[in-house]
Amino acid sequence: MSDVTRVKNGRPVHHWRRDLVELAALFTAVAVADAVANLIGHGPDGPALLTASAAVLIATAGFHTWWSRRHGHAPPRTDTGAPAPAGATGTTGPETGAEGDADGATTLWRMRTTVKDEPGSLAALCTALAGRRVDILSLQTHPLPEGTVDEFLLRSPGSLTASELTREVARGGGAGTWIERADAHDLVDAPTRILALAARTALDAAELPLALRQLLGRCTIRSLPATAAGAAAPTGASGRADGTLEDTVMRLRAPEGGVITVERPYLPFTPTEFARARALVELDTLLGPRVPRSHDVLTLPEGDAITVRRAGTDDVEAARAMHERCSQRTLGLRYHGPVKDADRYLNHLLSPRFGRTLAAQTASGRVVGLGHLLWDGDETEVALLVEDEWQRRGVGGELLARLVAMAVEAGCESVYAVTQASNTGMVAAMRGLDLPLDYQIEEGTLVVTARLDTARPPAAPHPAHDGQTAERATRD
């Protein structure tokens, strides 16, 4: 009998009519089989007929099995784009499908193009991409009044160039196409990436410029104080951070009252991108100033112990006290201007809005060194100041190695230091990174640039998590 039942209102319902029909069919089949067996088996050639019938059935079953294995029922690979099974043959050309060229090489691309806001426009574009064996990994749409901006993550055969891909998109109806190489990090879907950026911003106020850059791609981000920004971006009635969008420039009200400008000259911002950026700034405003309170305890070669930690605007008074203990020459090499103006830079340097600062302090809590990683538009500057008494003892090199490690983690391609040729300590610290360096004289100062895209700095631990310490000896 059949075991098939249907559930209704939580109780099984038995199909008794179906069971009765199946039982009748079973008895009928037994009766027919018995009649055929009696008719053939009692005849003069009965055993021979039964043996021949069995042989025919076995041969038929064997032929069916052989035919099924030789001619599978799956659609051909060219219809589905699925990889061929191991050992399969019969390809019709040098291409192996969307997975890549004959050698398996593929390229990831981020592409943005504008299509008409009418039925079939996106389908025509996808058809053009499929004609070149381009696989669409993800797609985001940004509606605009005059059309729709579609943002793709593509995987193409390695031999397909950016110009060829752009021409195919134009044939498919795309206009204003922008394209650049992508990497494995772009494979993360947009909601997950945005949530991760929000989490990083929530933990550290210095992450906001980096989060905006990763959210919007290659762009220049500058923070202007309220006095320098002139007319600040408008604020909504709710008091939340608001801003303005002007084609390739967006202006957002910074939490401290200034303005954050984001500029991307090669590609206009969409309202969706503007809304995402504004949401990150609003989150930063609601959380207020915050700096991770973590530290490492280091033992210098002479045996003295110092603590390296993140610093913020709460350390302005301690930094001023260090200025008073520094010589005029030390301050002049660091700030490249009138020494009396050095204290004026501290609020800017220690603000997490403009970068990250590391402080080196003694067991008594006295700050003896400061290292700054400053976001300068789309570039990154490093700067050091070590109290005279603590110079040539490895403090500056330790701070610089950690700042460069932070820059690498933030995805910076290079860092530069502005100093003077007579500042042998800073030049030696940059050389100690064991990275490719470029030297350039600009307006009487020496600019030393360390390239981070071709090498990685020596391992330098970040300050430990809150409440944790780590001991290690610094190199002189």
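The values are calculated or read from the model by the stated rules, or taken from the named source; none is laboratory data. Source: prediction; values computed, not measured. Don't worry about glycine lacking a Cβ; one is built from the backbone with ideal geometry, like all the others, and counts go over all protein chains shown. Remember, those area values only see protein heavy atoms, side chains included, never the ligands or the DNA or RNA. Shrake-Rupley method; radii C 1.70, N 1.55, O 1.52, S 1.80 Å.
Values for this structure:
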{"quantity": "³J(HN,Hα) computed for each position of the range 198-212 - Karplus, 6.51 cos²θ - 1.76 cosθ + 1.60, integer Hz, glycine/proline x", "calculated": "5, 5, 5, 5, 5, 7, 8, 5, 5, 7, 4, x, 5, 5, 5"}
{"quantity": "Debye, to nearest 20: dipole size of the range 281-418, +1 on Lys, Arg Cβ, -1 on Asp, Glu Cβ", "calculated": "340 debye"}
{"quantity": "With DNA, RNA and ligands ignored, accessible area of His348 (1.4 Å probe; Å², nearest 10)", "calculated": "90 Å²"}
{"quantity": "Charge dipole magnitude, Cβ of K and R +1, D and E -1 - the range 95-223, Cα centre, debye nearest 20", "calculated": "360 debye"}
{"quantity": "Stokes-Einstein D (µm²/s) once Rh is taken as the Kirkwood radius of the range 115-217 over alpha-carbon pairs, at 4 °C in 1.567 mPa s", "calculated": "84 µm²/s"}
{"quantity": "Extension gain (nm, one decimal) between Arg181 and Ala25, 0.36 nm per residue minus Cα-Cα", "calculated": "49.5 nm"}
{"quantity": "Cα shape, the range 327-410, gyration tensor, a/c 1.5 rule", "calculated": "oblate"}
